[in-house]
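Here the structure is laid out as structure tokens; the discussion comes afterwards.
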Amino acid sequence: MSLTELRSKDVVNVDTGRKLGKVMDIEFDAQSGCVQAIVVPGEFKLSCAIRGEKNGVIIPWERIVRIGDDVILVRLLPGEMET
């Protein structure tokens, strides 16, 4: 699966049903080439937008429950990312 394919999918927390956004980036281990995490948009901050910074939240690969045709289901620990 390519990054382009991942970026087209919505990321949803299976415990709350909350849509977290679409994948905006991935993190991988340079030595093994294995994906370690996906990055979804974080809370909007005007100061970051003015500077052109992207505010993202890292979701470790272990938190991914399932990758479907249209959605990526994740299970976050209590307090992670949810506001």
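Each reported figure results from applying straightforward, stated rules to the coordinates on display, with no laboratory input. Here the structure is a predicted model, which is why all the values come from computation and not from measurement. Using ideal geometry, Cβ is built from the backbone for each residue, glycine included, and neighbour counts are taken over all protein chains shown.
Some observations on this one:
- Proximal charge balance of V23 [Cβ under 10 Å; K/R count +1, D/E count -1]: 0
- The label point for E27 and the one for I58, both projected 7 Å from the Cα toward the Cβ, are 0.1 nm apart.
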